[in-house]
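Trainee: First, the structure itself, so that you have it in front of you.
The values are calculated or read from the model by the stated rules, or taken from the named source; none is laboratory data. Because the structure is predicted, anything quoted here is derived from the model rather than measured. A quick note on method: Cβ atoms are made from the backbone with ideal geometry, for glycine too, and the neighbour counts reach across all protein chains shown.
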Amino acid sequence: MKVGEHIRLAARLPFLAGLATSEETLIGGQAVVEGVMMRAPHSYCVAVRKPDGSIVTDSSPVVKPSERNRLWGLPVFRGMATLGQAMYLGIRALRFSASAALEEGPGQTKSREIPGWVMAANLAFSFGFFVFLYKFVPLWLTTRLKASLPALEGRVAFNLTDGLLRIAIFVAFLVLISRWRDIRRVFEYHGAEHKVVFNFESGLPVTVENAQRFSPYHPRCGTSFLLVVMLVAIAVYAILPFESFLMKFASRVLLLPLIAGLSYEAIRYSARRRESLLAVLTAPGLWLQRITALPPSNEQTEVAICALEGAMALEAAQGGRLALA
C-alpha cells in the first residue's frame, strides 16, 4: 500500500462510521470501500466488490453491549456503548474492504491486507483531524470574533456562534470531499445501503429491481447523527462555566462520549415521537444526505444485498427470527 493510499484512506475514515441503531431496530449498515456492511441484531456481514468484479464477504456473530453488562442498557450509557461497538465493527469492516479493494485479481502473488498498525495510524490521524477541524477551529474563530463583537460575551451567544461555525465547516467539508471520485463511490454505496434497508423494511422481496425503487435517504443514518451531535453539543457547552480557551477546548474533547450518548437518546426519542421538536431537529440530517447518500448503480445495490443476505444467513444460523422476503 502506497503512502498516497494511506492518506486517501484516512480522509475516508471520519465519514464511514454509520449510526448504530437502537435495540428495537432490526437492520442497519454503513458504506465501506467498494462495499457495504450490514448488521442484524446478532450478526454482521461486509460485502466488497473486488477489482476483478467478484464479490467477497466477511461475517461474524455480534453480542450487544447490554447483553454483556446491564450498565450498557441504561439511558445515555447505551448510546455510548452501542456507538462504540458500531465504530469497532465499522473499522473492522473498513480494514477488510480496503484490503479486498486493493487486490489485483486471481494472479496476485502477494497479500495486500492492510497491517493493523496502518489502521491504527489512520485512526489516530482521523481523530486528530476531527478534533482540530470541528473542535479547535470553530472555538478559535469564535474567540477571535468575541474580541471585536461584544455581543458574543454571553455564554449562550458564544456557544451558539461556535456551534453554527462548526456546522458550517462540516457542511462545507462534505461538499468539498464529495467532489473526490473515491468518496463519491463511497457515498453511492451509502445510497445502496439505504435502499436495501428500505427494501427489507417494506416486506417486499429484496432484489436489485425492488431496492432501486426506494429513496437513498434514510432517517436512521450516520450523517443525521453527526448533525444531531453538533446541535446537542451547543446546548451542553452553553451550560459549562469555563472561560479560558484551554478549558473550553479540553471540555469539548473530553465530553465527546457524553454528547454522543445524549444525541443517541435524542434520535431514539424522535424516532418514537415523529411530531416532537426533537424530530424536527433531526430533519436537516435528511437534507444533508443529498450529499452523502447518492443514487447507486445496480452493481452497487447488488453488493449491498449480498451483505444483507450474509448477515441474515448468520442470524438464522444462530436461531434468529429475521428472514428475507
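Trainee: Give the range 34-90 a look and list any residue that's outside any strand (DSSP E or B), touching a strand residue (DSSP E or B) at 6+ places or on another chain (Cβ under 7 Å) and of a type outside the set (Lys, Arg), or say none.
Mentor: Those that are outside any strand (DSSP E or B), touching a strand residue (DSSP E or B) at 6+ places or on another chain (Cβ under 7 Å) and of a type outside the set (Lys, Arg): Glu34, His42, Val62, Leu89, Gly90.
Trainee: Let me ask you something else. Check the range 206-213 and report whether any residue there is charged (D, E, K, R) and not in a helix (DSSP H, G or I).
Mentor: Yes; the residues of the range 206-213 include at least one that is charged (D, E, K, R) and not in a helix (DSSP H, G or I).
Trainee: Looking at Glu201 and the list (1) free of Cβ contacts under 8 Å to residues at least 12 places away in the same chain; (2) in a helix (DSSP H, G or I); (3) of a type in the set (D, E, K, R), which single condition is not satisfied?
Mentor: If we test Glu201 against (1) free of Cβ contacts under 8 Å to residues at least 12 places away in the same chain; (2) in a helix (DSSP H, G or I); (3) of a type in the set (D, E, K, R), just (1) comes out false.
Listed here are the residues, each with its yes/no results for (1) at pLDDT 90 or above; (2) closer than 30 Å to Met312 by Cβ; (3) of a type in the set (Asp, Glu).
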| residue | (1), (2), (3) |
| --- | --- |
| Gln85 | no, yes, no |
| Tyr88 | no, yes, no |
| Val137 | yes, no, no |
| Leu141 | yes, no, no |
| Arg144 | yes, no, no |
| Glu153 | no, no, yes |
| Asp162 | yes, no, yes |
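Trainee: Follow-up. Could you give me the residue pairs with C-beta distances under 8 Å whose first residue belongs to the range 109-136 and is of a type in the set (Val, Ile, Thr), whose second residue is buried (at least 16 other Cβ atoms within 10 Å of the Cβ) and at pLDDT 80 or above wherever it lies, and which are 6+ apart or on separate chains?
Mentor: Qualifying pairs under 8 Å: Ile114/Arg95; Ile114/Ala98; Ile114/Ser99.
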